[in-house]
Structures are given as structure tokens and as C-alpha cells.
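Got a structure for you, written out below as C-alpha cells; questions coming shortly.
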Amino acid sequence: MSDMTNVTNDPSSSNHVPWYFRSLDFEKLWRDYPPPPTYFETTAKLSKDELHQLQEERFLQTVKRGWEIPFFKLHWEAHGMAPGDIKGLDDLTKIPVYDVNDIRKSIERNPPFGDFMGISPEDGKRMPLVLQTSGGTTGLPRPMLYSPQDRETMAILGGRRMAMHGIVPGDLVLVAYSLGLGNGGMAPREAIWRYTGAVPVMTGSGANTPTRRQLEIIKAWGVKVILAFPSYLRHMAIVARDEMGIDPKSLGIRLLGTHLGMENRELLEDLWGAKAFDMYGTHESGMLAAECQHQTGMHVMEDAFILEMADPETGAILPDGQKGTTYITTLYKYGAPQIRFNVNDISAFHTTPCPCGNTSRRLKRIFGRNDNMIKLRGVNVFPEAVGAAVLEDKRTNGEFFCFVDRVGEAGVDQMDVWIEVIDESADVSDIKQDMERRMKEVLGVKVIVTPVPKGGLDKFTLTSQSSKVKRLMDRRQ
């Protein structure tokens, strides 16, 4: 054992060790960002004027913090902005937008952590820090450090999500998101453990705990809630039914928490005999929005975020009801605040109130990603739209993968959509013909459809191995 005799809690001492539970004024944090059930009687009932006042105060504090961080100072000054230019929420649109490409440049400029965070590992001498990453397609994943205030507020917001879905004290909640460097499994664990009274069962994805073993745990332990992406929820149900002879409905699952996007809610609910609830969260921001029992859209945590919908081409802010790319401004983050971050998710606000009485604005759904979009013979195609069309056909299990190539001497763009067929004895020529016709209707451009047997796409999608499911391979290089 190491010698800890010289360790002290005196911050002025060189041997000081910062303890997490002494790093925050928890009572003040809970007043500022009420956890459930207090949230439903306070913040969730704020009037528009009360919310505006609260947001403006936190927004100005966030902008002030931004000027202390080299990334924002450099970015803002390059666009002609000066301290004092932003006097309130009315000036929000004066702030230049940035996106993940700017973050990548920040890391290249100042490796390995970039200059977009106002904290570094060295700050672990004065405050406990957590490091999680966002998966990258090339090179190392992008790191993000979280201060105690950031991390605990994220847990509170996650706790609100769980309560809105209907998770109650004593529930066993199976968390089938990936466990590792990403936030996927770790953030829900913190939220469930600290702010719901429920018990997290951290199986992780199929790569962490085999799917059959997860199902055995659900049955033996009486798990009532599953948190996972839709593709893995489908995979689990099909393994239970087809490989283990277990009707998923017999397992007694009460609710499913997931990120629906363009997925078919009814299919998931029919498979499991349980209600499926949508949510919206990101690695950088935490839990932004979640559905309540009415399933009429996702309530935005507006005391912690300002969301804008912008025209992807012009950047003009769109009125409620119109689809646009999402800009995020965080109101609670100290370590790495986001101030008009273009996350490239396509969404829209509802224009009517929710029957639950929560006064916050609601997102309709996440329709896809602006940066996932590909151009196919002049037509914008989103993989999410392909998936929605596949799910309509009950002869498939919803699994699909898109290959995009440039073919022939003329170099014509071509997409081949592979889909998994449930019944291997089915007439695949009929399925191919029907699906190609439907894809043309949905996408506005002709694609090839190739039916394959169940499980044939897993090596491409990684559905059984990862919560980050892949749907597209663009080979037009």
C-alpha cells in the first residue's frame, strides 16, 4: 500500500487531495437545478417570463466564462466580436456558430486536449475531474473533461429523464449502452444511482455482456427497465424469441428508454409489450430533452440549455415547427461550455403544449444528422430515412446497411441497401421489388435493394457488439 500519511484536505498544501463530495455546494446545486421530484413542481412549471429571466442570467455568466477560454476568445475575435457586445439573450444570434470541425482544429492546434476547455488534467490538483471521449472515425477519440459542477448537473438532468419516462425507486434498470471511454453507459449509471432510487444493472452492450446472458439476467433478476439503442433492443428481442424460445413480452419489461430518432416506436413496443420513450443527449452536452408519459415529444431542460433550430444552408433561425439543424448553448457547464455549437442534428420544436403541464418547449424527434446526409445523383439522402422505410416492411427485422459506390465508365453514383429478411424461405425477389419501389417514393431517387439472411449485416452494422451502430459506407473515393 502507498503511504498516505502526508495527504491533507488543506487546499493550500502541496499534498492536498480534492474530495468530490467537498467540491460542491450540493444544496445550492439542487436549488439551481432541481432533481426529481422537486423539478416537476418548480422548474417544469416556470412561466415564459420566469424562464427568460433565468436563462438570461445564466447565459451572460456563460458568455463571461467563454471569454476566459482561449478557443472562444480566438473564435469570437476572428468574427469581430468584443467583450461587452453581448448584453442579453436578444444578442444570442450575434455570436458566431462553431461545430465539431472547429473542435478538431482546436485539438490539432493544442494537442492532446485542445484549447476549447477551460480546464486541463492539471486542474485535478484543485478539483476532481472526469474524462470521457466522443468516438472518432479516424485517429484518437475526442477527449472531454468534466468539472464536478458539470458532472453532477449532468446526473441531475439524467435523473429527470428517468423520472419523466416513469422509472421509480426500486426498479432494476438494465443499461445496455457501451461501457468504455464514452459517456454511453457511465452517464446513465450516475443519473440512476444518484437521482432515481432505482438500481443500475450495468451489462453494457453485447460486446461487454453477451446478449443471451443479458436476457438471462433480465429473467432471473426481474429487470423492469431497459436502456439501449433501438437496434439493440430489436436484436435482444429477436434473440430471446428465435434463439432462446422466450417471448420478450413474458419478461415483464415495463418500459424502454431509447433514442428513437426515425425508428418505429410501435415495432419496439409490440416486440416487448412495453412503452418506449424517446430522449436526446450528446457527449458534450449531457441530457438535453426527454419524453414524459404522454409521448408527445421531448421536453427540453431549458434551465440548462438554449436550443435553436437553424436553416442548414443559411444559418437563419427558424420558427417553431420547422425542421433545422440544432444549435446548443449550455447554461450550466464550467469546464467546457458550449455556446452556439452546431451539433448537426436535425430537429424541430412542437408548437402546442403538452398535456402533462410541463411548460418547457418540446422537440418533435431527431430526424437525422445534417453531416450524415449524402448526395446521390443530386438528391439529399439520409440513412435514417432509409431505415424508416425498411421498418415499414414486416418481412424484414429492420436491420439495414447502405453501400454507396461510383460505378461504370461514367462514374454514376449508386446506393445498394442491404436489408435482413426474417423468413429465409420468403420470395426475396418480391421483397426486393417492393422495397425498391418504396425507397424511390421515400428518398426521391432510385436505389438497389439486396435482401440478405438474418444476422448477415452484423459485421457491417456491429449491432450485437456496439451501441454506436453503423449504417453507411461511402466508397466513392
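Take the residues in region 360-415 that are assigned to a helix (DSSP H, G or I) and in contact (Cβ under 8 Å) with a residue 60 or more places away in the chain, then tell me which one is nearest to M236 (Cα to Cα).
Kept after step one, since they are assigned to a helix (DSSP H, G or I), are these residues of region 360-415: 383-392.
From what is left, the residues that are in contact (Cβ under 8 Å) with a residue 60 or more places away in the chain are 383-388, 391-392.
Numbers: P383: 22, E384: 21, A385: 23, V386: 22, G387: 18, A388: 19, L391: 16, E392: 20 Å.
Result: L391.
Could I ask something else about it? Any chance region 128-150 includes a residue that's closer than 23 Å to Y280 by Cβ and either of a type in the set (F, W, Y) or outside the structural domain of Y280 (by TED's automatic domain parsing) (or both)?
Yes.
Among the listed residues V469, V417, V449, identify the single one that is of a type in the set (A, V, I, L, M) and either over 20 Å from V379 (Cβ atoms) or touching a Gly at 6+ places or on another chain (Cβ under 8 Å) (or both).
Only one candidate passes the filter, namely V469.
Given the condition touching a His at 6+ places or on another chain (Cβ under 8 Å) and not polar (S, T, N, Q), answer yes or no: does some residue in region 104-122 qualify?
Taking region 104-122 first, the residues touching a His at 6+ places or on another chain (Cβ under 8 Å) are none.
There is no residue in region 104-122 that is touching a His at 6+ places or on another chain (Cβ under 8 Å) and not polar (S, T, N, Q).
Being among the polar types (S, T, N, Q) and in contact (Cβ under 8 Å) with a residue 40 or more places away in the chain: is that true of T450 here?
Answer is no for this residue.
It is to be established whether one or more residues within region 311-334 are under 18 Å from the mean Cα position of the chain (by Cα), assigned to a loop (DSSP other than H, G, I, E, B), among the polar types (S, T, N, Q) and in the same structural domain as V63 (by TED's automatic domain parsing).
Looking through region 311-334, none of the residues is under 18 Å from the mean Cα position of the chain (by Cα), assigned to a loop (DSSP other than H, G, I, E, B), among the polar types (S, T, N, Q) and in the same structural domain as V63 (by TED's automatic domain parsing).
Which of the residues that make up region 243-278 are acidic (D, E) and free of Cβ contacts under 8 Å to residues at least 24 places away in the same chain?
Those that are acidic (D, E) and free of Cβ contacts under 8 Å to residues at least 24 places away in the same chain: D247, E266, E269, D270.
Taking the condition of being surrounded by 14 or more Cβ atoms within 10 Å (Cβ to Cβ) and either within 18 Å of D371 (Cβ to Cβ) or acidic (D, E) (or both), how many residues in region 108-141 meet it?
Kept after step one, since they are surrounded by 14 or more Cβ atoms within 10 Å (Cβ to Cβ), are these residues of region 108-141: 110, 113-120, 123-124, 127-130, 132-135, 141.
Add one more test, that the residue is either within 18 Å of D371 (Cβ to Cβ) or acidic (D, E) (or both), and what stays is 115, 123, 134-135, 141.
So the answer is 5.
Residue by residue, here is whether (1) within 20 Å of G357 (Cα to Cα); (2) more than 24 Å from the chain's Cα centre (by Cα) holds:
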| residue | (1), (2) |
| --- | --- |
| P35 | yes, no |
| Y39 | yes, no |
| A44 | yes, no |
| K48 | yes, yes |
| E56 | no, yes |
| F59 | no, no |
| T62 | no, no |
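Within region 420-433, how many residues are surrounded by fewer than 14 Cβ atoms within 10 Å (Cβ to Cβ) and either of a type in the set (A, V, I, L, M) or assigned to a helix (DSSP H, G or I) (or both)?
Summing the residues that are surrounded by fewer than 14 Cβ atoms within 10 Å (Cβ to Cβ) and either of a type in the set (A, V, I, L, M) or assigned to a helix (DSSP H, G or I) (or both) in region 420-433 gives 4.
Can you name every residue in region 289-303 that is within 19 Å of D278 (Cα to Cα) and part of a loop (DSSP other than H, G, I, E, B)? Steps first, answer last, please.
Step one: list which residues in region 289-303 are within 19 Å of D278 (Cα to Cα), which gives 289-302.
C292, Q293, H294, Q295, T296, G297, M301, E302 - these are the residues of region 289-303 that are within 19 Å of D278 (Cα to Cα) and part of a loop (DSSP other than H, G, I, E, B).
In addition: Cβ-Cβ under 7 Å, sequence separation 6+ or interchain: first residue in region 35-50 and under 21 Å from G197 (Cα atoms), partner modelled with pLDDT of 95 or more and of a type in the set (A, V, I, L, M, F, W, C). Which pairs?
P35/I156; P36/A163; P37/A163
Please work out which residue is surrounded by the fewest Cβ atoms within 10 Å (Cβ to Cβ), limiting yourself to region 439-467 and to residues that are assigned to a helix (DSSP H, G or I) and either out of contact with any strand residue (DSSP E or B) (no Cβ under 9 Å at 6 or more places or on another chain) or in the same structural domain as T203 (by TED's automatic domain parsing) (or both).
E441
Additional query: Among the candidates F403, F341, which residue alone is buried (at least 19 other Cβ atoms within 10 Å of the Cβ) and among the aromatic types (F, W, Y)?
Checking each option against the conditions leaves just F341.
The values are calculated or read from the model by the stated rules, or taken from the named source; none is laboratory data. This one's a predicted model, so the numbers in the text were calculated from it and none came from an experiment. So basically every Cβ, Gly included, is an ideal-geometry build from the backbone, and we count neighbours across all protein chains shown.
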